[in-house]
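These notes concern the structure reproduced below.
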Amino acid sequence: YQRRVRVSTLLCDYGKRLLTLTDVTEENLYKLKLKQTGLCFQILRASLAGGYVNFGVFRLYGDDCHVNAIDMFIKLLGSLPERALLEYPKLSVAYYSLMDVVTQDHLPLLGNVDDSVLVYILSTLAEGVASVDVTISTASCTALDNIITFVFKKSDKKGTTDEAVAQKLRAITNVENNVFQQIISSIVHIVMYEECKNQWSMSRPLLGMILLNQEYFEGMQKNFISQQPAEKQPLLAKCFENLMNEVEPNLLSKNRDRFTQNMAHFRRDLNNQLQPNKTQRTAGMEMAMDDDVYIVVHPAPGIIPT
């Protein structure tokens, strides 16, 4: 317990120093700030994932050090330049690995953050899903799956902190052109057209996001099918129908496994149908998805309060 308190105090004190570095030149940015920020992310991840202490103890004793450490993580994330997570691989791995852990058991601590912060975090996960680095892509998928599962499980627990956070996340999904819809488009595009090395990981969050955005998913597939040759449209419609075959509106393990199997068959069958149209397929998919595949929400500088 005392060791975890000291780690949190260290992270908060060092994080405050990093937040003061606002006039760093481009050539010194990584050396003076980004490298140290990534190190803070690594330390926080190790302290959260190591199983060193039961975090309920902090609430029992009224100790805010754990909450303060998560708050500092959010502030450090908000202080990063807009493209830093994409341009610096070591920082990216540290961030996405941390998000994998934070979303497992510590989502309720995000209950007091602004909606724009949650949207920004989700947008970074959207970028991570499309990363060519399998480690980053898999960690992003796992984090998204944790978030979706949390929304499904906690939305009905009235009057609790968990319910408040789950409802806040669910409200984000009700916004037109929301981040979850963009992630659906991105994952479907990857499964259909790219070398998908972590197909199992991508299937886990995809099911939950489809269940939360069924109308959007149905419209997306109709738009895609309409862009294909008329003689192929019935077969492609059957592929999408088989994707959701015997899939129920829940996230039980058996149902998830069935969807994962369906997605493997979907990828195989769809590729067989689209094989003759390799030169046309990417353009058709981009039109079908109304450019959602490449849309990632970036807040204006300073949108995340520090």
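The values are calculated or read from the model by the stated rules, or taken from the named source; none is laboratory data. Since the model is a prediction, treat every value here as computed from it, not as a measurement. Because the Cβ atoms are built from the backbone with ideal geometry, glycine has one as well, and the counts that use them run over all protein chains shown. Only protein heavy atoms, including side chains, enter the accessible area calculation; ligands, DNA and RNA are left aside. Shrake-Rupley method; radii C 1.70, N 1.55, O 1.52, S 1.80 Å.
Given a 1.4 Å probe and the protein chains all in place, what does the accessible area of C40 round to, in Å² to the nearest 10?
10 Å²
If you count, for each residue, the other Cβ atoms within 10 Å and average over each peptide, how do 218-228, 143-153 line up from highest to lowest?
The peptides rank, most packed first, as 143-153, 218-228.
I'd like the accessible area for E195, computed on protein heavy atoms only with a 1.4 Å probe and all protein chains in place. Round to 10 Å², please.
Per-residue accessible area (E195): approximately 150 Å².
With Cβ to Cβ distances under 14 Å as the rule, what net charge do the other residues near K33 carry (K, R +1; D, E -1)?
In short, +2.
Skip the ligands, DNA and RNA, and give the accessible area per residue of segment 70-112 with a 1.4 Å probe, whole Å².
38 Å²
Pairs to check: K168/K254; K154/K197; K35/K75; K16/K90; K197/K222. Give those whose C-alpha atoms are more than 23 Å from each other in this structure.
In this structure, K168/K254; K154/K197; K197/K222 exceed 23 Å between Cα atoms.
If you count only protein heavy atoms and use a 1.4 Å probe, how large is the accessible surface of K154, to the nearest 10 Å²?
Answer for K154: close to 50 Å² accessible.
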